[in-house]
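Just below is one structure, and these are the notes that go with it.
The values are calculated or read from the model by the stated rules, or taken from the named source; none is laboratory data. Because the structure is a prediction, the values reported are computed rather than measured. Neighbour counts are summed over all protein chains in view; Cβ atoms, including those assigned to glycine, are modelled from backbone coordinates with ideal geometry. Each accessible area value is taken on the protein alone, full model and side chains, heavy atoms only, with ligands, DNA and RNA left out. Shrake-Rupley method; radii C 1.70, N 1.55, O 1.52, S 1.80 Å.
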Amino acid sequence: MAYTKEILTLAVEIGDQMLRNGAEIYRIEDTVIHILRAYDIENFDVYVLSNGIFASANEDKEDSCSMIRHVPLGVVNLSKITALNQLSREICTHECSLIDAWDRLEECKNLRPYSNLTRILCCGLGCGAFAYLFGGQIIDAVFAFLIGLMEQIALHAFTKHKVSHVLSNVFASVLVTILSILVLLTGLPVMQDKIVIGAIMPLVPGIAFTTSIRDFYNGDYLSGTIHLIDALLTALCIAVGVCISIFICQKIAGGVFPL
């Protein structure tokens, strides 16, 4: 039989990748536990937080081992989560050997993300659709689409230069609001609030908030609190960026800016 440490390392590494790509806490714990059981590991403990994994195996034997893994909060990547779930199923059904599992894990890690052009286009389409959904007209959706394109380009630049998540949300909100105000100044019959609402939707932490509620429901109160704080902080950054832009524009216009 393979060494306990190698099996535990594989299980924790799969859990690490799932956590980095936004999988739910209870699913990660369940995956790690099933992998350990598939390799006949006994007397183990697995504890997963939203930013860390703690695991031990064979605690009462000579080959006992434990692992601690810090995992920073990241973005959701459903394609990688799907691939990792499939890998864990094949491990549990003994369709994949330990050596092959490591190779498959590397394949999951190296899955190619969507191209930048695809992300930019989808962000624009989403912004335009949300602007229309929330009561805007076609012209509002068009401008929200264009602003969404520039917003995603800016977010890509922030990521490339490793700007913090907090500052990225603030700067993106400022950019969106200022561009919507410039559209309003053209005199076109647009609803600036609908454009802003549509354009900031890609920044809204809906997944983080939903995950926190799910964690609370499953009894993972610490992880739920971490996700909730992350969601509230992101929402605060968006609000700060929008308010700063409106405040500055009103001051420049002498307090009579037509918002």
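When ligands, DNA and RNA are left out and all protein chains stay put, how many square angstrom of accessible area per residue does the chain have with a 1.4 Å probe? It would help to have the intermediate numbers written out before the result.
Working: 14210 Å² over 259 residues.
Heavy-atom accessible area per residue stands at 55 Å².
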Quiz prompt | Stokes-Einstein D for region 181-259, Kirkwood Rh over Cα pairs, 25 °C, 0.890 mPa s (µm²/s) | solution = 167 µm²/s
Exercise. For the chain, with a Gaussian network of springs between Cα atoms less than 10 Å apart, report the residue from His70, His161, His34 with the top mean-square fluctuation.
Key: His161
Quiz item: Lysine pairs in the chain 8 or more apart or on different chains: how many have alpha carbons under 25 angstrom apart?
Solution: 9
Practice problem: Report the normalised scattering of region 132-242 as log10 I(q)/I(0) at q = 0.10, 0.19, 0.21, 0.22 Å⁻¹, calculated by the Debye formula with identical scatterers on the alpha carbons. | Solution: -0.34, -0.94, -1.05, -1.10
Quiz item: Shape call for region 57-105 from the C-alpha gyration tensor, a ≥ b ≥ c root eigenvalues: rounded (a/c under 1.5), prolate (a/b greater than b/c) or oblate?
Solution: oblate
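What per residue convex hull volume, in Å³, do the alpha-carbon atoms of the chain yield? Present the calculation step by step, with values, prior to reporting the outcome.
On the way: hull volume 35.9 nm³, N = 259.
Hull volume normalised by residue count: 139 Å³.
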Quiz prompt | Efficiency of FRET between Ala235 and Tyr3 - r from beta-carbon atoms, R0 30 angstrom, step 0.05 | solution = 0.05
Quiz item: So what are the ³J(HN,Hα) numbers for region 79-94, from phi and the Karplus equation (6.51, -1.76, 1.60; θ = phi - 60°), rounded to whole Hz, Gly and Pro as x?
Solution: 5, 5, 4, 4, 5, 5, 4, 5, 4, 5, 5, 5, 5, 5, 9, 6
Quiz item: Whole-Å semi-axes of region 1-51's equivalent ellipsoid, largest first, each the root of 5 times a Cα gyration tensor eigenvalue?
Solution: 20, 11, 8
Quiz item: Looking at region 19-102, which GluC sites (Glu not before Pro) are DSSP coil and have at most 14 other C-beta atoms within 10 Å of their C-beta?
Solution: Glu42, Glu59, Glu62, Glu95
Quiz item: What Rg and what Dmax come out for region 4-92 when only alpha-carbon atoms are used, in angstroms?
Solution: 12.3, 39
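At most 10 other Cβ atoms within 10 Å and a DSSP loop assignment: could you name the trypsin sites (Lys or Arg not before Pro) in region 81-185 that fit? Could you put the intermediate results ahead of the total?
Numbers: sites: Arg89, Arg104, Lys109, Arg119, Lys160, Lys162; in loops: Lys162.
Qualifying residues, ordered by number: Lys162.
Provide the gained length on full extension for the span Glu59 to Leu98, in nm with one decimal, where the gain is 0.36 nm per separating residue minus the Cα-Cα distance.
Using 0.36 nm per residue and subtracting the Cα-Cα distance, I get 11.9 nm.
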